[in-house]
Amino acid sequence: MKRIALAALLAFSTSAAFAFHCPADMRKIDDAMAKNPKLSAEQTAEVKKYRAEGETLHKAGKHQESVDTLAKAMKILNIK
Ligand SMILES: [Cu+2]
């Protein structure tokens, strides 16, 4: 069942692929933050800001910008 859903998603357009990308990135950021990473207060604030911005952009349908913004947070967290 999961495989079928994935295949259907992959068959979609690029924008749909990005629509799937953002929540995956947000989850990675949330997971990394849940592990209490060694970040300065400034870095933590930045990650939270980019995470929130990414979610807003995603909801606005700006998936490429969302992915780019979330990537900045992931870079601070040193995750991919
Ligand atoms: Cu998105």
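Since every read-out is calculated from the coordinates, none of them should be taken as a lab result. Everything numeric in this text was worked out from a predicted model, so none of it was measured. We place every Cβ from the backbone using ideal geometry, glycine too, and count neighbours over all the protein chains shown.
Just want the ordering: Asp25, Asp31, from fewest to most Cβ atoms lying within 10 Å of their own Cβ. Before the final figure, lay out the partial values.
Values: Asp25 21, Asp31 11.
So the ranking, lowest neighbour count to highest, is Asp31, Asp25.
You can think of it this way: the chain between Lys35 and Ile79 has 14.6 nm of extra reach, that is 0.36 nm per residue less the Cα-Cα gap.
Each of Arg51, Arg3, Arg27 was scored by other Cβ atoms within 10 Å of its Cβ. Listed from fewest to most, they are Arg3, Arg27, Arg51.
What FRET efficiency, computed as 1/(1 + (r/R0)^6) with R0 = 22 Å and r the Cβ-Cβ distance, is obtained for Glu46 and Phe20, rounded to the nearest 0.05? Before the final figure, lay out the partial values.
Values: r = 25 Å, r/R0 = 1.14.
So, using R0 = 22 Å, E works out to roughly 0.30.
Cβ crowding within 10 Å, taken as a proxy for footprinting-reagent exposure, orders Ser66, Ser40 from fewest neighbours to most as Ser40, Ser66.
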